Amino acid sequence: MRALENKFHERIRKHPIFKGLSDHEFAECLGACALRSYQKGDKVLYKKAPREGLLLILQGVAEVFVAQEHGKYHQKEVLEVLEQDDMIGFSSLADFLDGKTEDPTRYEVEVAAVCETVCLHIPSAVVKARFDDPIVRDFALQQATIRLRDIYGSLAEQVQLANKWGESEPFIRLIHDVMNEPVVVADMDDDVQDIAGKMVEHSTSSVVVLNDSDQLIGIVTEKDLVQRVVARGLGAGTVAREIMTPHPFIIARDAYYYEAMSSFLMNGIKHLPVMDGGRVIGMVTLSDLLRKKNRGTIELLQTVEESTVETLHELKPAFYDVLGHLIQDGIPTVHTLEVMTKLYDRFVRHAIDLAVKEVGQPPVAFAWYMMGSGGRKEQFMLTDQDHFLVYADGGDLAMVEAYFETLGAEIVRCLEAAGYKRCKGLMMASESQWRGTLSAWKERLRSWGVRATNENILLAHNFLAFRFVYGDEALHDQFVVSVTEQLERSRIFLFRMAELEKEQPVPTFDHPIRALFRMKRESVDLKKQALFPFHHCLQLLCARKGLVGGGSPLEQLEWLVKKKIFSENTADELRFAYEVVLRIRVERGWEAYRKGEQSGSLVDFNQLRTKDKEELLLALKTIRSLQNQVVGMH
């Protein structure tokens, strides 16, 4: 225990409750306190148990929850998650502040450690002795008001969910609430008969395979045993590493239910090992989640897979049904777009398969890319088509080009049948300037670099949002190398992109408080004046560092943090700004669709809620700061 005390000594010394004490006074107070360690699942506080003093979390995470019993089943509803430097037991302050004797029967909540947790118990006597200090009073008032605000916010959210869905299972339940633990493990050299025995013994349909360092290297499922052992006539002597699925899909313990459902549906799997800090801590299966609310996504995927050119028009209402439920459930916008992107990608790949089936097998390898909002993973509704084709050099050029001209037109026709409009600017694989051999694309990129006109720069911005969706991965890798090399040679082009960006500054408005009363007639175009500058700046920064086709803006931000272009704090501010603009755009776009109105990106401030208005003003300021930083670097 002395080692633990030494480890946390400085942090305890700087805490507001002990701030300003002399060394002697601090030693006296600390002597009255006690360090307490808890393992995962240990109760820190029980319901109807006395609350004596406060607990300061020095390490780990704790949950405040209400335990409920439904027959033989036990369920807990988590009210709050407390982390390092948070305090437990603020409700007990009322007892010594008003001089009443504590009544433990009124405590209905419990607190448990989520992982290995260390707390400092500060007894009531120490709290009372320190409470006359203004620093301590201010700290207690601040913490109590923050806790009150959070609790009211959580209560309001639960009431809204209850009104919408009654007693239905929340779509936003976390994975660690539904996973199975402990996970059943096997060694890579374990015999398949032993593995089958473990499955029977533990009534599980899978085991995870770990190496000597307890790192996940594979998974063996019942399906693997049937297909790779029984069907092949194998038996004793066959070991796990010979039949396992290596590098399985995984999910984090703090991921949401719908993220796991999305992974199951998009990747065609039924088991997801749950990870925490690089270690497997549990398993979640598709059957686990099918017992929960799935919002019709499974039926939709079946509809996609079974659709033909004649039935593609039936998909749009199904897509929008899923989108509507995600928005109604209050799923964070970035996660909503992640789910919709995977659904749309699934459909697009199916549409290309249908087109290839209609036209015939390609004479050479090809790669198909999305641009614009689809390339950035921001597409929430079926908007204009933005895509292009790259195909390998070789073969009879005239025959090859004739094939891909036909294929491009057929893909456009399939997408249009499902609800994607044709691009007004004709940025589609059906157009000759948006398809070509790898060599043709190299020349096209070179010509853009030589002629850095405003028109070419605008084309390049849309192009640089490209994302590989279908086709030959080796060809894709070659294409990315070509784009990267061309950008390296065309520094003047990047300079001109920055110059053009400088001419279109993000609008800024008055101080938020004053602005709330002075912008009834103000408006902002969320695409042109917020999202586009945000995208362009990230594209420029990524291109300068050699990243092209970098995925969504959030993925680009993560990459820029790794390259130390942004600090984590700056990246958090940019993520917040991006998510605010995106959320308002999605909500308003969906509302316009539901009302049968024309959807646009122009927003009047007088139509926004006060909270949205405040957050949008802050987001615009953050994006303007990013823009100034980027154009100043060129």
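Summary of computed values
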{"read-out": "Distance in nm between pseudo-label sites at THR453 and LYS621 (7 Å out along the Cβ direction from Cα)", "value": "4.1 nm"}
{"read-out": "Between 0 and 90°, nearest 10: helix 315-328 axis offset from the chain longest Cα axis", "value": "20 degrees"}
{"read-out": "Net charge dipole size for the chain [Lys, Arg +1 and Asp, Glu -1 on Cβ; Debye, nearest 20]", "value": "1780 debye"}
{"read-out": "Kirkwood Rh, angstrom, segment 175-290 [1 / mean 1/r, Cα pairs]", "value": "14.3 Å"}
{"read-out": "Cross-link pairs LYS377/LYS527; LYS357/LYS424; LYS357/LYS421 - those with Cα-Cα distance over 18 Å", "value": "LYS357/LYS424; LYS357/LYS421"}
{"read-out": "Normalised convex hull volume, segment 358-408, alpha-carbon set, Å³ per residue", "value": "93 Å³"}
{"read-out": "Two-decimal log10 I(q)/I(0) for segment 350-486, as the Debye equation yields it once each C-alpha is a single scatterer, q = 0.12, 0.16, 0.17, 0.21 Å⁻¹", "value": "-0.44, -0.81, -0.92, -1.41"}
{"read-out": "Rounded tilt (10° steps) of 333-359 against the dominant C-alpha axis of the chain", "value": "30 degrees"}
{"read-out": "Rounded to 5, the percent of DSSP beta bridges in the chain classed as antiparallel", "value": "85 percent"}
{"read-out": "Ratio Rg/Rh, restricted to segment 512-632 and using Cα atoms, in which Rh is the Kirkwood radius", "value": "1.01"}
{"read-out": "Total charge dipole magnitude, segment 512-632, about the Cα centre, Cβ charges on Lys, Arg, Asp, Glu only, Debye to nearest 20", "value": "260 debye"}
{"read-out": "For the chain, alpha-carbon Rg over 2.2 N^0.38 Å", "value": "1.13"}
{"read-out": "For ASP42, distant residues with modelled amide H under 5 Å away", "value": "ALA113"}
{"read-out": "Chain lengthening between LEU602 and VAL359 when straightened (0.36 nm per residue, less Cα-Cα)", "value": "83.4 nm"}
{"read-out": "Options ILE352, VAL400, VAL364, ranked by Cα towards positive dipole end of segment 335-428, top entry (Cβ charges)", "value": "ILE352"}
{"read-out": "Nearest-0.05 FRET efficiency for SER37 and ILE217, computed from C-beta distance (R0 35 Å)", "value": "0.60"}
{"read-out": "Additional length obtainable on full extension of the chain from PHE90 to THR308, 0.36 nm per residue less Cα span", "value": "72.4 nm"}
{"read-out": "With Cα atoms, 0 to 90° folded angle of helix 553-562 axis to the chain main axis", "value": "70 degrees"}
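Only the coordinates and a few stated rules stand behind these numbers; no lab work does. All values reported here derive from a predicted model rather than from experimental measurement. All Cβ positions, glycine included, derive from the backbone under ideal geometry; neighbour counts span all protein chains shown.
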